[in-house]
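Step one of this worksheet: look at the structure below.
The values are calculated or read from the model by the stated rules, or taken from the named source; none is laboratory data. This structure is a prediction, so every number in the text was calculated from the model and none was measured. For neighbour counting, all protein chains shown are included, and Cβ atoms are generated from backbone atoms with ideal geometry for every residue, glycine included.
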Amino acid sequence: MGIPLLDLQAQYLSLKPELDAAVLGTMASAGFIGGPKVKEIEASIAAYCGTKHAVACGNGTDALFLILAAMGIGKGDEVITTPFTFFATAEAIAHVGAIPVFVDIEPGTYNIDVTKIEGAITPRTKAIMPVHIFGQVVDMDAINEIAARHDIEVIEDACQAIGATYKGRRAGSLAKAAAFSFFPSKNLGCAGDGGMVTTDDDAIAATVRKLANHGSSRKYFHDAMGVNSRLDAIQAAILLVKLPHLDEWNAQRRAGAAVYDELLGGTGLELPVARSYGECVYHLYIVKTPKAAAVMDAMKAEGIGTALYYPLALHEQEVFASREDIPKRALPVAESCDASTFALPCFPGITRQQQETVVRVVKEALAR
Ligand SMILES: *Cc1c(COP(=O)(O)O)cnc(C)c1O
């Protein structure tokens, strides 16, 4: 029997009666767009993150795009971000017409190297968009301090980090605005696409809400160019069932990570570094080795789920590598991860026995 990278079926079965009732209840209500469930999940996420506002939208990519647009960031502006993230981070920057400026990451946490940010700031820099990669919050005090000194905005890409903390505060409440994704494989996932913007800023919340609704605050009157980006009522209902379990699931991910930390020490594998300023929620448990291909082949042969995160850094992706306006900076740490960082199964509910199997297969492949 194999071990999946993520076991969404087990999660569904554990909540089947509530989830089925949520879906069927929405069908019976025949209210599919907006309505009480969407309002309720907005209020619940705002309360969970500790922000004044949460505004639902269609997905995490749109959440990032809507924040940038609401801040008036656009053509010719520069936004500093990490090259070691899912494509959507930089895609959102490019879609508002801005230029993603990539700054190298630090080894171990794979988060943006905050000591390298200031050197990338120019008079065109409008924002820094740190990504809490794999569920670990970036050192936000350091980033907010740099941003304040240069009078630029900070936007959290918190798509992988719902529930993660930094100095006692939750991801999503640590900058001017933050983006979350409810893509099924995220720590809090719906049954399709979904996203959310969190912010304490009244104007940003109102503008995001308007832009996500065709640039309209009053039905059939439009004062801005917007998009159609909504969270479906059915997804909101599903998220309301799942949210009360998120902290427990994240605790189980952390427990799984602690088991790997213990069993994989001294194997030569580079293990993820957890900063003491907060709690990582291990969206993924990522290890690094030059023998990644061999280890992953051995895992796959035994039916153990794994994947490269990420196989190619963003500045090396054709769509960005070919752009003359993106500054060419040295990004050796990010490039060193290409094809050498990959995930071990670390989902909520993984058993110690399953983890021991993973560890045995990994160790055997490393020794070969
Ligand atoms: C998943 C993800 C996104 C995009 O979210 P979608 O809901 O898939 O659009 C953006 N940034 C990061 C870091 C992500 O992991």
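Tabulated data
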read-out	value
Test: residue in the range 55-72 that is more than 16 Å from the ligand (Cβ to nearest atom), among the aliphatic types (A, V, I, L, M) and touching a residue at least 60 places away in the same chain (Cβ under 8 Å)	yes
Among (1) within 16 Å of the ligand (Cβ to nearest atom); (2) touching a Phe, Trp or Tyr at 6+ places or on another chain (Cβ under 6 Å), the one test that VAL79 misses	(2)
Hey, ASP77 among the charged types (D, E, K, R) and surrounded by 21 or more Cβ atoms within 10 Å (Cβ to Cβ) or not	no
Candidates ALA257, ALA203, ALA251, ALA274, filtered to the one that is under 19 Å from ASP62 (Cα atoms), surrounded by fewer than 24 Cβ atoms within 10 Å (Cβ to Cβ) and away from the ligand (no atom under 15 Å from the Cβ)	ALA203
GLU248, sole failed condition from (1) outside any loop (DSSP other than H, G, I, E, B); (2) out of contact with any Pro (no Cβ under 8 Å at 6 or more places or on another chain)	(2)
Residue list for the range 275-293, filter: in a loop (DSSP other than H, G, I, E, B), basic (Lys, Arg) and farther than 13 Å from ASN111 by Cβ	LYS291
Some residue of the range 118-126 being acidic (Asp, Glu) and in contact (Cβ under 8 Å) with a residue 40 or more places away in the chain	no
Filter pass, ALA257 being touching a Cys at 6+ places or on another chain (Cβ under 9 Å) and farther than 28 Å from LYS116 by Cα	yes
Subset of the range 150-186 that is within 11 Å of the ligand (Cβ to nearest atom) and surrounded by fewer than 24 Cβ atoms within 10 Å (Cβ to Cβ) - its residue that is farthest from the chain's Cα centre (by Cα)	PRO184
Some residue of the range 219-227 being modelled with pLDDT of 95 or more, under 24 Å from ALA22 (Cβ atoms), small (Gly, Ala, Ser) and touching a Gly at 6+ places or on another chain (Cβ under 9 Å)	no
Residue, farthest from the ligand (Cβ to nearest atom), within the range 84-101, restricted to residues that are touching a Phe, Trp or Tyr at 6+ places or on another chain (Cβ under 8 Å) and aromatic (Phe, Trp, Tyr)	PHE84
